[in-house]
Amino acid sequence: MHFQLPRLFSYLLLLILISQPALAENPFSSISSLGDAISLGGDDEILDPDQAFILKTWSENGRVFAEWQIADGHYMYRDKTRIIAADNSSFTTSNFVIDEGELKHDEFFGDIYVFHNQAKASIAIDNVQDGIKNASFKVKYQGCSEIAGICYPPITKTISLNINPISNAAASTIIAPTTYSPVSEQDQIAASLSSGSTLLTLLSFFGFGLLLAFTPCIFPMIPILSSIIVGEGENITTRRAFIFSLVYVLAMALAYTSAGVFAGIFGENIANAFQNPWILGSFAAVFVVLSFSMFGFYDLQMPSFLQSRLTEASNKQKGGTLTGVAIMGFLSALIVGPCVAAPLAGALIYIGQTGDAVLGGMALFSLSMGMGTPLIIIGTSAGKLLPRAGTWMNVVKAIFGVALLGVAIWMLERILPATFTMLLWAILLIVSAIYMGALEPLKAEATGWTRLWKGTGLVLLVYGTILMLGVGSGSQSLFHPLKGIVGSGSQANVEHLQFKKIKGIEGLNRALAEAKAQNKSVMLDFYADWCISCKEMEVLTFANPEVKKALANTVLLQADVTDNDAKDKALYKHFKIIGPPAIIFYNAQGEELKPYRVIGFMPADKFSRHIKQAFKL
């Protein structure tokens with residue numbers, strides 16, 4: 001009987017072998033025989049590490065080279081491979097260079113780069129004009145056997161080489177090997193689609209979706225779905241709530257997948273086209289109508305003749321409700337959450353480069369289901385936890401009515417002035433607080449829940465009042481509504497980075513030429529009024545002092561693609577992106593630093609480090 005040793009067990013096995021005195025000289029000498037003893041069999045024979053990874057070293061032109069021939073069914077970790085000077089060496093080294101390797105998903109280390117078949121690395125020795133006799137180096141590496149399912153412990157080989165003399169003139173003519181460049185996150189994801197197993201790829205994208213589920217672009221779908229379930233009132237059951245949630249999420253996933261495959265093949269993001277003021281305004285109006293039905297002003301019902309037909313088509317569900325839920329889920333994906341994130345961009349890069357719409361679409365569908373899983377859980381839970389009748393049910397409906405009004409305002413932020421939407425938020429909070437009894441005295445027999453309800457109302461009332469004062473003082477920030485009162489106008493203006501607006505490819509080329517003449521690096525930010533992640537970057541990332549300090553000597557350009565016109569689309573195609581948020585970096589010579597592209601939201605601390613790495617600060 002044949003089997004593969006689990007990775008953790010193999011580590012323990014090798015450590016036990018090393019700990020035996022009899023094996024101290026060569027801890028791997030008996031691994032093969034031990035493998036036979038436990039019936040690994042001939043196909044799973046564990047090779048000695050010197051057979052699995054045959055090392056060859058030499059010196060040439062002031063560099064030390066190491067090359068490995070890797071046995072079939074084995075691989076080496078790129079990040080575990082090093083060449084360093086031995087302890088107490090009289091010389092120093094620099095410019096370590098190593099092959100790029102292949103992307104692999106490791107069960108313990110995640111996405112890493114490994115070598116199959118062959119690997120090569122080198123390092124330069126500083127000041128070798130006179131040469132060095134018997135220079136000692138340590139070559140470190142570690143690898144695994146895919147056949148036997150084990151990993152070898154880290155290996156260190158000490159080598160001694162004679163470094164021949166080399167003149168300064170000769171050294172200046174030596175072309176150093178090209179240093180491996182980092183790979184952007186979206187390109188890594190695109191590469192993983194072509195190199196990993198299909199099942200592992202789909203599971204990875206499902207995990208990406210779970211991480212994206214509570215981002216500002218997806219979070220508003222929670223009150224949308226919940227309000228649909230709450231709107232069923234006392235008729236809702238756990239099973240029915242689950243069906244509603246599943247239909248909503250499947251429709252959402254279908255929309256994301258279809259739009260994504262379309263964008264990958266044709267380079268056009270149809271979700272961008274839905275960010276039209278008329279479409280956004282109409283959808284926001286729908287939420288207002290739905291919210292008022294939650295408050296009990298009216299009951300929304302379809303004409304009776306349509307109800308009877310849709311009832312039959314929907315397995316006796318109420319008035320074609322499933323059809324309505326599916327439509328709402330489909331539209332929500334395209335209108336409410338048009339954000340671009342690295343996993344989405346990676347899948348679209350893969351589709352665009354390979355034309356494999358099947359695997360790319362499967363990955364996008366898996367991503368969407370990951371994003372929708374929390375929605376299914378929350379929606380199903382609502383069907384189990386909601387009260388069946390009475391005053392409490394009216395209170396729950398009112399809460400979700402307010403939530404729907406909040407979603408409507410959130411959508412209008414994309415097309416209306418910030419001051420106006422800030423005023424709408426203030427009105428919503430103040431009116432809600434009054435309905436919660438914030439201005440009414442508590443009775444002596446008031447329960448703890450009543451006091452908590454009133455306290456929450458008071459908080460909303462205070463914050464709504466602060467927002468109202470902020471509107472009066474000219475503030476446009478929900479996070480800093482009193483900025484115009486407590487600080488001067490000049491201080492308020494310094495809050496965000498100051499960008500130079502560019503339009504189209506010609507505008508970009510002119511700005512790049514000007515920056516090159518000034519010997520300055522460039523950061524290009526793709527922005528749109530309807531892009532929620534763009535506003536996140538503006539408020540939470542670009543306003544950070546460390547970020548502003550890192551960009552102090554950089555020309556800041558911004559492509560406002562709100563209109564999504566022909567010039568905007570041409571700019572998308574120039575960079576092969578599908579929409580904002582996207583940030584492009586250029587060095588002082590006007591060359592794009594493509595590995596450092598940023599797609600989607602990035603927090604301030606990580607973005608600051610990213611800038612320093614890109615510009616070598």
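Just to be sure before I move on: is Ile434 aliphatic (A, V, I, L, M), outside the structural domain of Trp530 (by TED's automatic domain parsing) and farther than 19 Å from Ala398 by Cβ in the structure I sent? When the stated conditions are applied, Ile434 does not pass them. Report whether or not Gly149 is among the small types (Gly, Ala, Ser), more than 16 Å from Thr57 (Cα to Cα) and without any contact (Cβ under 8 Å) to a residue 40 or more places away in the chain. It is false that Gly149 is among the small types (Gly, Ala, Ser), more than 16 Å from Thr57 (Cα to Cα) and without any contact (Cβ under 8 Å) to a residue 40 or more places away in the chain. Residue check: is Asp563 free of Cβ contacts under 8 Å to residues at least 24 places away in the same chain and either of a type in the set (Ser, Thr, Tyr) or under 30 Å from Ala333 (Cβ atoms) (or both)? Yes.
Looking across segment 441-458, the residues that are exposed (fewer than 10 other Cβ atoms within 10 Å of the Cβ) and small (Gly, Ala, Ser) come down to Ala444, Gly448. All told, Tyr75 meets the bar of being of a type in the set (Ser, Thr, Tyr), surrounded by 12 or more Cβ atoms within 10 Å (Cβ to Cβ) and modelled with pLDDT of 90 or more.
Pairs are defined by a Cβ separation below 7 Å, a sequence spacing of at least 6 or placement on different chains, a first member in segment 420-449 that is closer than 30 Å to Ala408 by Cα, and a second member that is surrounded by 11 or more Cβ atoms within 10 Å (Cβ to Cβ) and charged (D, E, K, R); the pairs so defined are Thr421/Glu413; Met436/Lys454; Gly437/Lys454; Ala438/Lys454. In segment 495-520, of all residues being of a type in the set (Lys, Arg) and in a helix (DSSP H, G or I), the one that is surrounded by the fewest Cβ atoms within 10 Å (Cβ to Cβ) corresponds to Arg510.
In segment 113-140, the residues that are within 15 Å of Arg82 (Cβ to Cβ) and free of Cβ contacts under 8 Å to residues at least 40 places away in the same chain reach residues that are acidic (Asp, Glu) and in a loop (DSSP other than H, G, I, E, B) with C-beta atoms within less than 8 angstrom, at least six apart or across chains, in these pairs: Tyr113/Asp79; Tyr113/Glu100. Taking each residue of segment 514-543 that is farther than 16 Å from Thr562 by Cβ and looking for partners that are acidic (Asp, Glu) with beta-carbon atoms closer than 7 Å, six or more apart or interchain, yields Ala543/Glu495.
Arg414 meets all of the listed conditions (1) assigned to a helix (DSSP H, G or I); (2) touching a residue at least 12 places away in the same chain (Cβ under 8 Å) but one, namely (1).
Every listed requirement among (1) in a strand (DSSP E or B); (2) touching a helix residue (DSSP H, G or I) at 6+ places or on another chain (Cβ under 6 Å); (3) at pLDDT 80 or above is met by Ile46 save one, (1). Does segment 386-401 contain at least one residue that is modelled with pLDDT under 85, in a helix (DSSP H, G or I), assigned by TED's automatic domain parsing to the domain that holds Ile218 and within 31 Å of the chain's Cα centre (by Cα)? Yes, segment 386-401 contains a residue that is modelled with pLDDT under 85, in a helix (DSSP H, G or I), assigned by TED's automatic domain parsing to the domain that holds Ile218 and within 31 Å of the chain's Cα centre (by Cα). Close contacts from segment 457-470, counting a first residue that is in a helix (DSSP H, G or I) and a second that is among the hydroxyl-bearing types (Ser, Thr, Tyr), with Cβ to Cβ under 7 Å and a gap of 6+ residues or different chains, come to Leu460/Ser432.
The values are calculated or read from the model by the stated rules, or taken from the named source; none is laboratory data. Quick caveat, the model's predicted, so the values are computed rather than measured. Reconstructed Cβ throughout: ideal geometry from the backbone, glycine too, with neighbour counts over all protein chains shown.
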